[in-house]
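As structure tokens, the structure follows; a few thoughts come after it.
The values are calculated or read from the model by the stated rules, or taken from the named source; none is laboratory data. None of the values given here were measured: they were computed from a predicted structure. Ideal geometry is used to build each Cβ from the backbone, glycine not excepted, and the neighbour counts take in all protein chains shown. The area values use the complete protein model at the heavy-atom level, side chains included, leaving out ligands, DNA and RNA. Shrake-Rupley method; radii C 1.70, N 1.55, O 1.52, S 1.80 Å.
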Amino acid sequence: MEKHLKTIRTAISDAERQPTRQDRAHADLVQALCEAMAAQVPPADAAAAANMSLSELFNTLRKCS
């Protein structure tokens, strides 16, 4: 029984950390896109590299600080 409880505790711990990882990954993406725009990378190229449409790219760039 303890083995199963440990597995459950590990799974819930991983699940609870997942949003933090996603938030950090998104913040890193926003930063990379902002830096690319500052370096005059063509928006179409940056969008393609991020697997985004131009509309998604521009919406994301609004988050640049």
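What to note about this one:
- In the context of the full set of protein chains, the chain has a per residue accessible area of 79 Å² (1.4 Å probe).
- Rounded to the nearest 20, the Cβ-based charge dipole of the chain about its Cα centre (Lys and Arg +1, Asp and Glu -1) stands at 300 debye.
- Carbon and sulfur %, accessible surface of the chain computed with the full protein complex present, 1.4 Å: 57
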